[in-house]
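The values are calculated or read from the model by the stated rules, or taken from the named source; none is laboratory data. Computed from a predicted model, the values in this text were never measured in an experiment. All Cβ positions, glycine included, derive from the backbone under ideal geometry; neighbour counts span all protein chains shown. All accessible areas refer to the heavy atoms of the entire protein, side chains included, with ligands and DNA or RNA removed. Shrake-Rupley method; radii C 1.70, N 1.55, O 1.52, S 1.80 Å.
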Amino acid sequence: MNISFLEEPELEFGAGRHVDIRFGIMNYGPLDFDSRVAPHDVNLGIIGSTESIEGVRLWLERCRNEIPAKRSKDDAEKQSNQPNLFPRFPGYSAEAGFRSSLVMDEKLCRDVQKRAITDVTTLPSRMERIERSVDLFMEEIRYLAQNTAAKVLVCAVPMPLLEAMEPAEVVEDEEDGDDLPVDVAGTQIDFHDMLKARAMQQYRKPVQIILPWTYDESKRRKRRKSGRRRELQDDATRAWNIHTALYYKADGIPWRLPRESTDLTVCYVGVSFYRSLDRTALLTSVAQVFNERGEGVVVRGGAATVSKEDRQVHLPELSAYELLKEALSRYREVHKTSPARVVMHKSSRFDESEQKGFEAALNEERIGTWDFLWVSDSATRLYRAGIYPPLRGTMCMLDDAEIVLYTRGSVDFFETYPGKYVPVPLRLRCERREQTQTFLAREVLALTKMNWNNTQFDGAEPVTLRASRQCSSVLRYCSQGLPIEPRYSFYM
């Protein structure tokens, strides 16, 4: 066993580098801020009830200016003891932060009538209430997509609809739970995923869903068991996360992984699986492909099966070949070049058939080098003196093929451990590698920072797996006969 520490990877922004996303954007602007095609003005379509539209617009207007940093509970005059963990939001304007502004106009707003909302809340079946709620929003999405220049659509879900779609009690999908491993998206109906799938396939519009407590803290729901109100991020953090997502969905590039001139061009591929809602296919594979800029394509693959030997999901050799072949073809189509190196992340083991299929595609595409990593939660734990968990970036090599990596943990830049629970490290199993273990672990650590849904940089898993799993959830609702959008912004 060999324990070492990896320094926090930097990210590249418009005019410099920084380890932290929020400070990087405040100090240097987004990566593409000086580009002519950057989203300097974002036409925002807003759909909801008159009340939810007004609440979202007022909150977004307030976010044009600075939102102060989180304050200490003990003294409202003092900033939190961790100023780097909860920084201020500089405002979303042409002069600060993203160097961009939101365009909100009455012509870009569409309200859902109260009577229609009431009709939905009285439907007997929760599934019917969800499907009808999606229909209500899709009617207004159709109008905005066909008659306005709205770039991103914000769906401000009214509280009555939200309560109507909530299950009476938290239940697990027993059939999925018995049959499928944890890395497979099941078949429960989800408003978020269904709406995004239909807006993407029918009108090619990215959707940002905003819930009532985002703009009005008094609307926080209570937990069923304890009766306590759910904890909410501070106002500045909510502003950071929402506006970063809006900028990315408007085709902006907030940040990227640094790339030196001597580095090989790399294609990162995450593979996940989902079960079709109509159950016509047991499992379908999805590949999410990224380059260093976070630009990538989504590829829907063939059927997969659960192995009787290890109870994990695997692809037949031909399906593995076709999935990666199509992924590399789409990558070349988008980027006008083939990568020199391919890194594949999978949440289940690479069996012999999969490796043969993937390697056949790589050889046929004349890819020079590749690495296959099985990424999962580790059962191994490390302990350090004191009350704080190991530092993020702590790495333990168990043998020549297996690594334990803490992607969550205490963070020097934050001067604390930002989590609530004991962090679970990742298990990285090098199924096939040409790079060193340290190099691959450092790469995984950097990829945890490529999440445009969360600006706190200490993500638990690399974007390859997070994104492919998120795409899987949305693709369950997509029609097989219609094309899907390649860009990740349509799924997040």
Whats the longest run of the chain with zero chymotrypsin sites (Phe, Trp or Tyr not before Pro) that are DSSP loop and have at most 10 other Cβ atoms within 10 Å?
1-382
If you average the C-alpha positions of the range 2-73 and of the range 323-344 separately, how far apart do those two centres end up, in angstrom?
30 Å
Among 107/151; 196/249; 336/449; 70/449, the pairs whose Cα-Cα distance exceeds 19 Å are 336/449; 70/449
Accessible surface, per residue, of the chain when the full set of protein chains is kept, probe 1.4 Å, Å²:
45 Å²
How high is the relative contact order of the range 350-492, in percent, with contacts defined as C-alpha pairs under 8 Å that are six or more residues apart?
20 percent
Gain in span if fully extended, residue 61 to residue 432, counting 0.36 nm per residue against the direct Cα distance:
128.5 nm
Volume of the Cα convex hull of the range 369-456, divided per residue and given in Å³:
111 Å³
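Within the chain, what whole-number % of the accessible surface is contributed by carbon and sulfur, with the 1.4 Å probe and all protein chains included in the calculation?
Working: 10160 of 22280 Å².
Accessible surface attributable to carbon and sulfur in the chain totals 46 percent.
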Kirkwood estimate for the range 1-116, i.e. one over the average of 1/r between Cα atoms, Å:
17.1 Å
Loop-located trypsin sites (Lys or Arg not before Pro) in the range 412-492 whose Cβ has at most 14 other Cβ within 10 Å (DSSP):
420
When the Karplus curve 6.51 cos²θ - 1.76 cosθ + 1.60 is applied with θ = phi - 60°, which whole-Hz ³J(HN,Hα) does each residue of the range 127-138 get, with x for Gly and Pro?
4, 4, 5, 5, 5, 6, 5, 4, 4, 4, 6, 5
Of (i) 24.1; (ii) 22.6; (iii) 26.7, which one was derived for mean projected area of the Cα convex hull in nm² from the structure shown?
(i)
